[in-house]
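The values are calculated or read from the model by the stated rules, or taken from the named source; none is laboratory data. Remember, it's a predicted structure, so these values are computed and weren't measured experimentally. Here Cβ is always computed from backbone atoms with ideal geometry, including for glycine, and neighbour counts include all displayed protein chains.
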Amino acid sequence: MIQIANSEEGWKFPEDSFPPVAQIMEPAQKGEMAFQTTLPAGTYAVQVMHDEDADGEMDTNFVGIPKEPFGFSNNVMGKMSPPKWKDAKFEIAGDASIEIFLKN
């Protein structure tokens, strides 16, 4: 699952967030995967999750640490929480690509 936000307000997790400006849901494949979407010029941040059990949710342990692979744009990680908007955001002004590595 890939979700793309275009504002700091839309980057809040999870229940306080605005609907993503784009969302892609595809069955996972072993190895690398690539996705494509069209967005207007602007500022965005991306979160990616591998929903291994296909229940539509991020599974966490008893203290809230994710048990399924996840990642964020700029390959940033937060400290005991998702990263801040200022760290995950990036600019798009034309054709662009980003690479996100999932953390297990």
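Quick rundown of the values:
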quantity: Condition met for GLY64 (touching a residue at least 24 places away in the same chain (Cβ under 8 Å), out of contact with any strand residue (DSSP E or B) (no Cβ under 7 Å at 6 or more places or on another chain) and either surrounded by 13 or more Cβ atoms within 10 Å (Cβ to Cβ) or not in a helix (DSSP H, G or I) (or both)); calculated: no
quantity: Any hit, region 52-60, residues being touching a Pro at 6+ places or on another chain (Cβ under 6 Å), assigned to a strand (DSSP E or B) and of a type outside the set (Asp, Glu); calculated: yes
quantity: Selection status of ALA93, in contact (Cβ under 8 Å) with a residue 24 or more places away in the chain, among the aliphatic types (A, V, I, L, M) and closer than 19 Å to GLY10 by Cα; calculated: no
quantity: Residues of region 86-98 satisfying the condition of being modelled with pLDDT of 95 or more and not in a strand (DSSP E or B); calculated: LYS86, ASP87, ALA88, LYS89
quantity: Which listed residue, of GLU68, GLU99, is closer than 23 Å to ASN6 by Cα and not small (Gly, Ala, Ser); calculated: GLU99
quantity: Qualifying positions in region 60-80 - modelled with pLDDT under 95, of a type outside the set (A, V, I, L, M, F, W, C) and on the phi > 0 side of the Ramachandran plot; calculated: GLY64
quantity: Among (1) farther than 14 Å from ILE2 by Cβ; (2) surrounded by fewer than 16 Cβ atoms within 10 Å (Cβ to Cβ) - the single one PRO82 does not satisfy; calculated: (2)
